[in-house]
1. Identify all residues within segment 194-235 that are among the hydroxyl-bearing types (Ser, Thr, Tyr), open to solvent by 40 Å² or more (accessible area, probe 1.4 Å) and over 27 Å from PHE159 (Cβ atoms); write none if there are none.
2. Just one of VAL324, VAL337 is part of a helix (DSSP H, G or I), free of Cβ contacts under 8 Å to residues at least 40 places away in the same chain and hydrophobic (A, V, I, L, M, F, W, C); which is it?
3. Select, from GLU80, GLU191, the only residue that is open to solvent by 20 Å² or more (accessible area, probe 1.4 Å), touching a residue at least 12 places away in the same chain (Cβ under 8 Å) and not hydrophobic (A, V, I, L, M, F, W, C).
4. So for segment 216-227 (the condition being closer than 30 Å to ALA89 by Cβ, of a type in the set (D, E, K, R) and free of Cβ contacts under 8 Å to residues at least 12 places away in the same chain), does at least one residue qualify?
5. When you check VAL174 against the structure, is it crowded, with 18+ Cβ neighbours inside 10 Å and among the hydrophobic types (A, V, I, L, M, F, W, C), yes or no?
6. Between a residue in segment 167-187 that is in contact (Cβ under 8 Å) with a residue 24 or more places away in the chain and any residue that is open to solvent by less than 40 Å² (accessible area, probe 1.4 Å) and aromatic (Phe, Trp, Tyr), which pairs come within a Cβ distance under 6 Å, given they are 6 or more apart or on different chains?
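The values are calculated or read from the model by the stated rules, or taken from the named source; none is laboratory data. These numbers were taken from a predicted model, which means no experiment stands behind them. Using ideal geometry, Cβ is built from the backbone for each residue, glycine included, and neighbour counts are taken over all protein chains shown. SASA here: full protein model, heavy atoms, side chains in, ligands and nucleic acids out. Shrake-Rupley method; radii C 1.70, N 1.55, O 1.52, S 1.80 Å.
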Amino acid sequence: MLSFLKELTKHTTIYGMGGLASKLVGFVLLPLYTHYLTPADYGVLGLLYITMRVLDIMVIQGMTTAVFRAYTFEFKDETENQKEAINTAYFYSIGSAVLLFGVLSLLSEPFNNIVFKDGNWTHLFQLMFLAGIFRSTQNVPRQIMRAHRRSALYSTIQFCDFLSAALLNVYFIVFAGKGLAGIVYSEVIREGILMIVFFFTIRPYLARRFSKQKLKDMLAFGLPKVPGGISFLVLSASDRYFLEHYSTPTELGLYSIGYRLAGLLGDFAIQPFLQTWPTMYFPLAKDSPDEGKGILGRFMTYFLVVVGFMALGICVFVEPLLTVMADPKFGGAVRVVPLVVLALVFSGVYRVLIVGINIKTW
């Protein structure tokens with residue numbers, strides 16, 4: 001148990017340091033963002049991003065978990081089968097993204113009217129769809145890096161990505177005067193750069209053969225997760241759609257800022273943990289099933305202690321942090337933070353509990 005916790009803590013910390021460095025860049029620039037953007041702008045941006053998250057789930061179709069399981073569990077130590085699974089998942093994900101986002105680009109105007117009560121943000125949706133296609137090329141390479149526990153390289157790429165995003169945002173917002181659109185321009189550019197970077201990381205693992213049988217098997221594992229994933233995201237994101245249609249853009253913007261501050265728990269604890277977690281429990285279940293049951297059964301206690309203390313810290317210090325870092329017009333955002341933090345804790349608990357299904361379902 002102790003060695004398992006040490007290895008998990010090591011890689012989680014490295015992933016977390018990459019996230020910490022990137023978020024520090026964001027916090028340094030937060031006063032700049034809140035000066036040039038209004039709460040309403042933040043509301044529109046938040047709704048754009050959450051909509052893309054729903055669409056990404058439809059594109060991924062559970063393939064990231066499926067290919068990770070195939071690589072580390074089903075075809076462990078079988079090099080040719082591993083490459084075939086990676087190749088199949090990689091090109092299927094890209095094709096799925098091109099099809100979905102291509103159709104939505106043609107229907108961007110009616111799609112905009114469904115999402116937004118007022119305002120025409122069709123051009124921003126079209127740019128976000130392009131960024132979504134670029135992002136689809138990164139899903140499988142990220143899983144392979146995680147499978148090999150290349151946490152240092154992964155975090156370095158992550159830090160460079162957020163640093164470039166900060167520089168691009170400063171340019172487009174301050175110097176080019178593009179406002180909200182500037183953040184979307186930045187999104188497209190950085191996703192395009194990441195597409196190139198991650199291609200070189202996955203290139204050695206690609207095979208020449210596209211396996212219909214492996215695709216069928218991976219979709220059999222991944223597709224049943226799509227309704228649950230969408231439902232999970234809808235439950236966590238429907239609040240913003242509700243505010244968009246039944247409140248004001250300003251209220252939506254304040255809520256989005258509060259959600260972002262509460263998201264520190266996810267950025268520094270839950271997300272880094274999730275980057276490492278499957279790389280630990282899949283091999284443990286494969287190589288030491290009897291010992292693994294005991295270790296995984298006791299892990300929830302340690303998880304709740306660490307995440308619980310971090311959640312408490314965010315709730316205590318969020319108000320002075322917001323006072324220092326943001327414009328006074330965003331002060332109302334602090335009210336939503338404790339509830340969102342609690343929701344994120346429950347989300348983390350779910351991620352720990354889902355281990356059994358991921359191991360047994362095939």
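1. SER231
2. Answer to the selection: VAL324.
3. The conditions single out GLU80.
4. Yes, segment 216-227 contains a residue that is closer than 30 Å to ALA89 by Cβ, of a type in the set (D, E, K, R) and free of Cβ contacts under 8 Å to residues at least 12 places away in the same chain.
5. So VAL174 fails the test.
6. TYR185/PHE172
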